[in-house]
Amino acid sequence: MNGSRSRWSLVAAGVVVAAALAVVVVFGVIPYPDPPALADSPDPPVTARLALLTEGRECLVVVEGDGTEQELGCGSRFEAWAVEWASADTLELDGTRGNGQRVVIDANTGDQVGVQPLPEGPAEPIPQNAQNADGDVIQTGNDDGVAWVEVITTDGWTDRIVALDGPRGYHLYDPRWSADGRWLAVRDSLDRILVVDAAGAVPVRVWAEGAGPFDIR
Amino acid sequence: MDESIPALLDRWVTAGLLTAEQASAIASHEQARGEPPAKDEGPSVLTEVIGYLGAALIITAGGLVVDQFWDRITGWGQVLLTATITAVLIGAGWALRDRETPAIRRLVSLLWAAGVIGVAFTVGVATGPAALDATNEWAVVLTSTAVLAAAVPLYALRRSPLQLVAVAAGLMATAGSSLTFVPGELPAVYLGLPIWAIGAAWLLLTQDGWLTPQRTAQALGLLALGVGAQIMATDSEPAAGLVLALVSTAAVLAIAVPTGSLVMLGFGVAGVLIFVPQAVFHFFGESLGAPIALLLTGLLLVGGAVGLVPLRREVAEAATGEDGS
């Protein structure tokens, strides 16, 4: 080291850091897709209902087809690792292995209307409805920053019904059919639940944000 | 025999080795350089070690006592307590900063490094749930920025290794925590790149004398360079990170050889050991496998070691030639 300080080294150091930050900003900070919220644009209304546990699994919430939310209750009674519609008016909550119960909840009042023991043996999540009544299967994936949802029909035909541009790493997962096979709910990597028209006629909209386990009816 | 400069000059003038004018010029020159640094007149190293040990025990005991009633103090009371301890540490260093004995210099460095840690604790408690209740992202970025803001002026006052480490830690933490504000998940390649760039910039400033002590500064810059590249290489698409890591390793070794920097040589060898196997596995996969990766790494290291000997000799010869000319 010669101990002499030059402005050249300061400028060079600044250029190196600025160039790296420019690369991060230009290529790394790509905006995430921002579909409109269902509550802001409910027309045409979604003819399905969403049940979810909030992100910290503290509260059970039902979201209607027009985006209005109803909190059914919070606290330890609703701490569960899975939720599923059992009928049009009841929900099943799978408790943790610790309390080992499947609790049945009234989807309109939040009252507990039944309780069943969980099956013995290893934890078995409530079966997920990735397949509709016709046997059509939904799958999700990501190609070069495009997160997509495809429906694979029983005759082998594949239809890509959603394709959202986003930064690398943005993805959709956990897709579910509504009971009538008309709508799909899918989670994105920002923990938003998106609602998708299976026929592709209605644009994708955000149904709920900050969601933990969920199910669509 | 008196070995002071005036006595030596007298003897050399008497022996006819220097003229009286030359002796006078040398005496004036040496006087102009000022008094030689004072010898350590403080405690011996053993005494110093015992002192630090005693201080560590006192701090530990104090920590245990505070731990017993910490939860009973309000959030802002906790902030006041940690801020007071921090102020005492930095203030004690400030009071001693003009003493130039080595033991006191080390003590000042230690006190100020502890003071910077105290700043981190204070801001961490202040932004925690008991006081400001900031989000995790804000708590981390505010704490690391405060560490950097405290470490930089202390480093400007005393350019010691500990103060430089504090600056580097504050800088890296501030840069890393700022990236947490990017919405969603930023791919690892974009997390590692700024850290790599800070390391490269740090090394440029070190080579030009802006950052001292040089060895500590070099080691910190090289560490950032390697950590940044390694973070990039953990990305789902690690090619860019691995290429940057290999290029960095080659550059570090290329600089280490002619300059004879052991720090750079050590980090360069570590780079070969860490990055070459990863690159071989990624770019050649199963076609080469582990034995070939190890063989390639070993060959590079042996080749480097063999190449070092003549290069070092050339450098030494060139230096001798320049001196003799």
Partner shielding of B:193-204, taken as the mean number of other chain Cβ atoms within 10 Å, equals 5
Simple spin-label estimate for B:E30/B:R159, 7 Å along Cα→Cβ, in nm, reads 2.7 nm
With the label point 7 Å along the Cα-to-beta-carbon line of A:I30 and a cut-off under 18 Å to each amide N, the hits in segment A:147-176 are A:147-149, A:162-173
The size of the Cβ-based charge dipole (Lys, Arg +1; Asp, Glu -1) of segment B:75-184 about the Cα centre, to the nearest 20 debye, is 480 debye
Taking trypsin sites (Lys or Arg not before Pro) in a DSSP loop with at most 10 other Cβ atoms within 10 angstrom as exposed, one finds the longest site-free stretch of chain B at B:40-325
Total charge of the residues flanking A:Q139 in space, meaning their Cβ is under 12 Å from its Cβ, with Lys and Arg +1 and Asp and Glu -1, is -3
Between B:V306 and B:S178, the two model label points (7 Å from Cα along the beta-carbon direction) sit apart by a distance in nm of 4.7 nm
Computed on Cα atoms, the radius of gyration and Dmax of the protein assembly as shown in angstrom are 33.3, 115
Computed for segment A:16-96: size of charge dipole around the Cα centre, +1 on C-beta of each Lys and Arg, -1 on C-beta of each Asp and Glu, debye to nearest 20, value 360 debye
With the charge dipole of the protein assembly as shown built from beta-carbon charges (+1 for Lys and Arg, -1 for Asp and Glu) about the Cα centre, the Cα from B:L191, B:A250, B:A134 projecting farthest to the positive end belongs to B:A250
Toy charge model, Lys and Arg Cβ at +1, Asp and Glu Cβ at -1: chain A dipole around Cα centroid in debye, rounded to 20, equals 1200 debye
Cα gyration tensor of chain B diagonalised, 5x eigenvalues square-rooted, in angstrom largest first, produces semi-axes 42, 38, 16
If amide H atoms are modeled at 1.01 Å from N in the peptide plane, then the residues at a separation of 5 or more from A:V113, or on another chain, having amide H under 5 Å from its own are A:V104, A:I105, A:D106
Rounded to the nearest whole number, the Stokes-Einstein translational diffusion coefficient of chain A at 25 °C and 0.890 mPa s (Kirkwood radius, C-alpha pairs) in µm²/s is 126 µm²/s
Neighbours of B:Q22 by Cβ distance under 14 Å: Lys/Arg at +1, Asp/Glu at -1, summed charge -2
Per residue of B:211-218, other chain Cβ atoms within 10 Å number on average 1
Projecting the Cα atoms of A:G200, A:L184, A:G156 onto the charge dipole of segment A:127-213, where Lys and Arg contribute +1 and Asp and Glu -1 at Cβ, the residue farthest towards the positive end is A:L184
Expressed to one decimal in nm², the mean projection of the alpha carbon convex hull of segment B:71-143 is 5.3 nm²
Here the longest stretch of chain B that holds no GluC sites (Glu not before Pro) in a DSSP loop having at most 15 other beta carbon atoms within 10 Å is B:186-325
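Laboratory data are not the source of any read-out in this text; all were calculated from the coordinates shown. Small disclaimer: the values here were computed from a predicted structure and weren't measured. Every residue, glycine among them, receives a Cβ derived from its backbone with ideal geometry; neighbour counts consider all protein chains shown.
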